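K.L.:
If you scroll down you'll find the structure; I have some questions about it.
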Amino acid sequence: MKRSALLIAFLASLVLPVGAQIQNPVKFTVSQQKVSDSELEIIFQGTIAPGWHVYGTDIAAGGPIRAELTTETCEGATLNGALQTRGKVHKAMDKMFGMEVSYMEGTATFVQKLTLTEPTYKVSGFLTYGACNDANCMPPTDVEFSFEGEGVKATDAQPKPQATATPKATEKPAPDASPSDGESEAELPVVVADTAVAAETASLWEPVVDELKAFGETAQPSSSSLWKIFLLGFLGGLLALLTPCVWPIIPMTVSFFLKRASSRSRGIRDALTYGLSIVVIYVTLGLLVTLLFGASALNAMSTNAFFNIFFFLLLVLFGASFLGGFEITLPSKWTNAVDRKSEHTSGLLSIFLMAFTLSLVSFSCTGPIIGFLLVEVGTAGNVVGPTVGMLGFAVALALPFTLFAMFPAWLKSAPKSGNWMNCIKVSLGFLELAFSLKFLSVADLAYGWHLLDREAFLALWIVLFALLGAYLIGWLRFPHDEDEYDEMGNVVQRPRTGVIRFFLAVLSMAFAMYMVPGLWGAPCKAVSAFAPPMKTQDFNLMKSEVEARFNDYDEGMAYARAHGMPVMLDFTGYGCVNCRKMEAAVWTDPRVADLINNRYVLITLYVDEKTPLAKPLVVEENGGQTRLRTVGDRWSYLQRTKFGANAQPFYVLLDSDGHPLNHSYSYDEDVTAYLDFLNQGLRNIGK
């Protein structure tokens with residue numbers, strides 16, 4: 001029991017919300033290592049927090065933030081090749097960007113080689129990297145370095161090669177300052193936040209962290225959705241209960257416990273032990289999946305083309321089995337061996353072996369459900385996901401054995417076995433076929449086949465759910481659908497449709513109709529998490545209705561002040577996946593678009609904007625100095641100092657004087673919550 005309590009406490013701690021605050025998921029140390037008398041390596045060694053990853057160096061333009069090295073001083077040495085990654089690098093297809101990306105988890109190591117050309121050397125610059133987790137992305141972050149020392153011997157010194165010898169390196173050009181300026185970039189004056197901008201707008205940059213807290217700034221969505229995984233597993237267990245392989249076993253098993261027990265309390269104890277054994281068996285299965293693959297492998301599998309093709313074929317196999325094409329069963333000798341073992345043992349071991357026998361006997365029905373759960377949960381990349389999913393599945397599966405043992409009278413009112421169980425099984429087959437297309441879509445994007453663009457995906461889903469509705473209404477029949485008989489014993493060729501099946505058929509057909517406008521570009525938000533991205537749509541009559549009025553904070557605030565309008569700040573990034581998800585799933589809602597376009601001044605600030613500032617700035621921050629080199633650095637600095645946050649997406653509502661109108665909003669695709677967020681800001685300003 002102590003172990004169970006500790007496990008529950010651990011799982012609960014993982015799903016507690018995390019406050020909106022400055023995050024520091026990656027910590028880098030920088031060192032130099034002399035490989036030989038003429039060769040030097042600068043090594044960036046990073047430690048990455050669980051759930052986060054750092055992108056590599058070989059990401060094409062238009063993708064997430066890749067790691068880059070910029071040199072500011074390079075005296076007595078030249079760059080030898082491009083920045084390199086060392087250690088385990090994962091490669092996976094990113095559906096949002098439509099390209100393969102490389103990333104590292106746990107640790108990240110970057111190495112830049114230099115060739116020494118003078119007796120002494122002096123090098124300085126910075127590494128820029130990007131990091132993301134499932135819910136947020138960090139702005140481009142710099143790791144500065146500065147080293148000097150003895151180079152090659154004077155007799156071995158060679159003339160400096162031309163700069164064109166290292167075309168792949170990113171070298172910073174000399175500042176455009178005339179000699180009369182009297183200062184180099186290394187001697188830039190230190191400025192503080194209120195002098196980093198013009199005096200008339202300085203107040204707009206003042207921190208408002210305490211004001212945000214007054215609005216209840218407490219939480220961002222948690223990146224770990226363990227409760228959702230548990231509920232998904234629990235739902236899978238409930239569905240498994242209602243299949244022909246499990247439901248008929250329940251009354252037989254419960255009756256066995258009650259008859260062989262010397263007392264009712266003993267029977268209840270045996271049933272509880274039986275249920276706990278089921279939990280142990282399936283949780284062990286989840287643990288094995290985690291131990292065999294590990295968190296990194298599970299995350300890599302989520303977008304790996306080979307594994308996604310395998311998962312697609314596996315789910316098609318499971319779906320065909322549920323439709324009645326064949327039975328997936330374990331070797332009968334396994335079941336017989338375990339059954340004989342349970343008969344010749346006694347006590348707790350006998351009960352455990354009975355539970356194990358149930359797991360083997362019911363595999364033809366539970367196997368496809370378990371397989372789907374492990375594939376879906378495992379590819380989410382959560383290290384404890386398979387275990388939590390199997391915990392939910394096992395709890396649901398074990399619950400009726402325990403409850404019916406405690407309350408035997410309930411068995412009389414329990415539904416009897418019948419064709420309704422096969423109806424559930426066939427319906428699950430349709431769902432497995434539909435979800436299998438999600439994995440084929442990832443592989444299709446990875447190889448650029450364009451076989452399953454958004455229209456093709458939606459067309460297949462429309463057909464599948466329409467056919468599911470036709471089956472539920474009674475227009476389709478499969479091999480395991482039993483004939484029904486009338487009072488005279490004659491076969492009824494067209495069984496009557498029950499009320500529950502009728503309503504389920506209506507829902508299925510309505511869902512198919514709902515997706516039809518998606519063939520012409522409608523958002524279809526209910527399937528946005530499964531369908532290919534909108535950019536794969538070949539024929540699109542829709543277009544985004546939300547566009548930022550300004551991409552500059554000071555200009556946007558000046559416009560808002562002149563027109564007396566509230567402001568919505570959108571801190572985003574070109575490489576922010578979840579920013580694109582919010583725009584596709586939430587901003588496309590007409591109500592949201594109307595509020596943003598007509599009631600607010602939308603200012604979108606890209607924290608990874610690489611446009612250099614006219615003159616770099618050095619600011620004091622957290623007791624140290626930070627250099628702002630690009631426009632994106634400036635907006636990232638604004639987000640950190642004014643709002644106390646540094647992850648994207650990050651939305652905040654302001655009045656024209658720069659004071660918050662509501663708490664901030666992060667990644668959460670709940671349209672109703674987003675509307676409440678926007679409307680509350682208007683109510684607080686009195687608009």
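K.L.:
Run through region 521-608 and list the GluC sites (Glu not before Pro) located in a DSSP loop whose Cβ has at most 14 other Cβ atoms within 10 Å.
P.N.:
Passing sites in region 521-608 are E545, E547.
K.L.:
Can you compute the FRET efficiency between F530 and N419 using 1/(1 + (r/R0)^6), with r the Cβ-Cβ distance and R0 = 41 Å? Round to the nearest 0.05.
P.N.:
Efficiency computed from Cβ-Cβ geometry: 0.85.
K.L.:
Would you mind ranking T85, T47 by Cβ crowding within 10 Å, fewest neighbours first?
P.N.:
Ranking T85, T47 by Cβ neighbours within 10 Å, fewest first, gives T47, T85.
K.L.:
Long-range amide H contacts for M99: which residues qualify at under 5 Å (H placed 1.01 Å from N, peptide plane, sequence gap of 5 or more or a different chain)?
P.N.:
Sorted by chain and number, the residues that satisfy this are D94.
K.L.:
Would you please give the residues with an amide H less than 5 Å from that of V152, counting only those at least 5 places away or on a separate chain, with H modeled from the backbone geometry?
P.N.:
Amide H neighbours of V152, under 5 Å, 5+ apart: T117, E118.
K.L.:
Further, regarding this structure: Report P(r) for region 17-157: all Cα-Cα distances, bin width 10 Å, range 0 to the bin holding the largest distance, values in whole percent.
P.N.:
11, 39, 28, 15, 5, 1, 0
K.L.:
Follow-up. Which entries in the list K438/K525; K213/K581; K525/K581; K228/K425; K34/K122; K34/K153 go over 19 Å, if you measure between the two C-alpha atoms of each?
P.N.:
K213/K581; K228/K425
None of the figures in this text is laboratory data; all of them are computed from the coordinates on show. Keep in mind that this is a model prediction, so the values were computed, not measured. As a convention, Cβ positions derive from the backbone with ideal geometry for all residues, glycine included, and neighbour counts pool all protein chains shown.
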